[in-house]
Structure formats: structure tokens, C-alpha cells
Amino acid sequence: MSARRNIGIYLFPEVEVLDFAGPFEVFTTAARVCMRMSPSAEPPFQVFSVAESSALVRARAGLRITPDHAFGEHPKIDVLVVPGGVIDAELAKPSVLQWVSDCAADAELVASVCTGAFILAKAEVLVSGKVTTHWEDQAQLAEMFPALQVVSGPRWVEQENMFTSAGISAGIDMSLHLVSRLWSEQLAILTARQMDYRWERSSA
């Protein structure tokens, strides 16, 4: 156990809903469960979303989200979560790539869900070693970034302080692992139980 961490989740147009909502649910549920056990203690996680601007973000399939913060206006991010979705436009935005790079450099942990790995790689946050992404995009990730060792099978891949998860729902499994690493395995288990979720711990 340690001090409270700020969990910053990046939002962008055409982001995959469960890619960001899954980690959001895990960390906020973990904070709620922890507070039940220790009502007088500080919650272990503060979770917020960050987008390029404060304007509404339309996620994949049309869900509209209001970001909590815009670039340059958010608290320090201890754990940066970069979800996936339709990421072609994000890969072509220097401002986005610079923000991701800067936040990752200051963060304790950096994690991607699904095709969020492409954003981390394009921002030169992921430069080598084992990574994963959605099964449908693994070949393209390996082709675009040949220095990466793209693996299939595990729900997430851990590389020092960098975490990449497979497609969509795998981000929930990875986030539960992050709760275990940042706070305790007991809290991760209780969080999964509260969510009525069967936690798959397959990693590489």
C-alpha cells in the first residue's frame, strides 16, 4: 500500500467505449471498496479523464463524454491510461503525441488498452520489448513498429513500468492487475468481486 495515485485516462474522438470505461470502473470501484474497509483513510485512486480540449468527445458508436480536463489543465498523472479505438487521426497529431510523451515521462506507470499501443509507440513511449494489442491489429503493430515484439495470447503484457493489454475487455484484467500492484492483491480481488467480474490473470 502507498499514497493515493492520480489515474489519468485519455479520451479522443472514436475512442472505444469499454477501453476507457473498463479501467475507469476498476479504479473507481477499487477506491469505493477500499473506503468501505477504511472509512477514515484517503481513497487510493483519483480517476479523471483528459482530452485535447474540454469539448464533448464522441466515442465510437456515438456515446458523448465530457472530459474532466484538457491538455495543460489537469492534475499530475501518476498512472496514464491510453485506450484504443479508431486511432488513425491521433497518430497524426503532434500535440497529442507530445502530450502522451510528456505525461508518460512523469508517470509512475503507463498502460494502453487495445490499439492504444499504437499511440504509445508513435509517441516513442514504447520503443522495444514485448507488447500486445487487439488480436486483429497485432500484425499491423508489428509491421509499423518492427522494434516491438508483439505477442498474442496473454491478456496483458508487463514491461517494467509499461503495460499493454489485448482487445477491449482485456483492459479490465490489466487494470485489476494494476490495482494489485499499486495497492494490494486483496483489493484487486474484492474489486473484481464487487464488479461481479471473473478476473483473468494471463500475462507475459
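Each DSSP beta bridge with both residues in the chain is either parallel or antiparallel, and the antiparallel ones are about 25%. Per residue, region 1-90 exposes an accessible area of 45 Å² to a 1.4 Å probe, with every protein chain left in place. On a 0 to 90 degree scale, rounded to 10, what angle separates helix 17-37 from the longest Cα axis of the chain? Once rounded, the angle reads 20 degrees.
A crude spin-label estimate for the pair SER169 and GLU108, with each label 7 Å from Cα along the Cβ direction, gives 3.0 nm. The orientation-averaged projection of the convex hull spanning the C-alpha atoms of the chain amounts to 10.5 square nanometres.
If I compute solvent accessible area with a 1.4 Å probe over the protein chains, what percent of it on the chain is carbon and sulfur? Here carbon and sulfur together make up 49 percent of the probe-accessible area. Restriction of the trypsin sites (Lys or Arg not before Pro) in region 133-204 to DSSP coil positions whose beta-carbon has at most 15 other beta-carbons within 10 angstrom yields ARG198, ARG201.
With the alpha-carbon atoms of region 50-141 aligned to their principal axes, the span from lowest to highest coordinate is 34, 33, 21 Å, starting with the largest. Look at the alpha carbon pairs under 8 Å that are at least 6 residues apart: their mean separation over the length of the chain gives a relative contact order of 22 percent. Derived from the Cα gyration tensor, the three semi-axes of the equivalent ellipsoid of region 95-204 are 24, 16, 11 Å, largest first.
Computed from label points 7 Å out along Cα-Cβ, the spacing between LEU56 and ALA142 is 4.2 nm.
In the context of the full set of protein chains, region 147-189 has a per residue accessible area of 35 Å² (1.4 Å probe).
The values are calculated or read from the model by the stated rules, or taken from the named source; none is laboratory data. Quick caveat: nothing in here was measured; it's all calculated off a predicted structure. Here Cβ is always computed from backbone atoms with ideal geometry, including for glycine, and neighbour counts include all displayed protein chains. The protein model used for the area step is the full one, side chains on, heavy atoms only, and it has no ligands, DNA or RNA in it. Shrake-Rupley method; radii C 1.70, N 1.55, O 1.52, S 1.80 Å.
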